[in-house]
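What follows is a single structure, written as C-alpha cells, with notes after it.
Read the figures in this text as sums done on the coordinates, not as results from a lab. These numbers come from a predicted model, not from an experiment. Glycine gets a Cβ as well: all are built from the backbone with ideal geometry, and neighbour counts include every protein chain shown.
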Amino acid sequence: MDVSSIPILAMLRSRMTYLSERQRVVAENVANTSTPGYRPRDLAPFRFKASSAQPGSASRTSSEVPTALEVTHPAHQRPEGPEASAAARGFRAERRPDAVTTLDGNQVSLEDQMLRMADSRMNYEAAISFYQKSVTMIRTAARSPAR
C-alpha cells in the first residue's frame, strides 16, 4: 500500500504545503515593508474539505479550491511571479491590508506580519507532529507480533 494514498497523510501534506506557501507570502510582505504603496497579501484560509476532495468531484466548489492557470498550447507562456507560484500549488494569494497605512501608502505592519509568521510556524510544527505520529501508528500496526 502506498503511504501517499492514506487520506489523513495526504491532507497533512497538503496543509504543510499551504503553510510553507503562506510563510513565503508573509516573508515577501516583510521584504516590502518600505516599498511605497505596497499592500500586504495573505493566502485564503486552508480548508481540509477542499484539500481532500478528488479532482472533478461534485463536492469541490470554486470558492474552496482556487484554480491554477493552464498552458493549453505550446506557444503559450508559462505564468511567472509570486501569484503564479501560489496558483501552481493550488493556493490563492489575496490582498489583506494590515491595520496601518504610512504616508507613502505602504500598508505593511511588521507586528501583524510577525503574528502571521508565528501562527504559520506553530501550525506547521503541529502538522509535522501529527504526520509523524500517524506514520508511527501505521508502522506499529504493520509490525508482526512479538512472540
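Rounded to the nearest 0.05, what FRET efficiency do THR33 and ALA126 give with R0 = 30 Å and r taken as the Cβ-Cβ distance? Could you check?
Working: r = 28 Å, r/R0 = 0.93.
Efficiency at R0 = 30 Å is approximately 0.60.
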Amide H neighbours of LEU43 under 5 Å, at least 5 residues apart or on other chains, H built in the peptide plane: list them.
GLU94
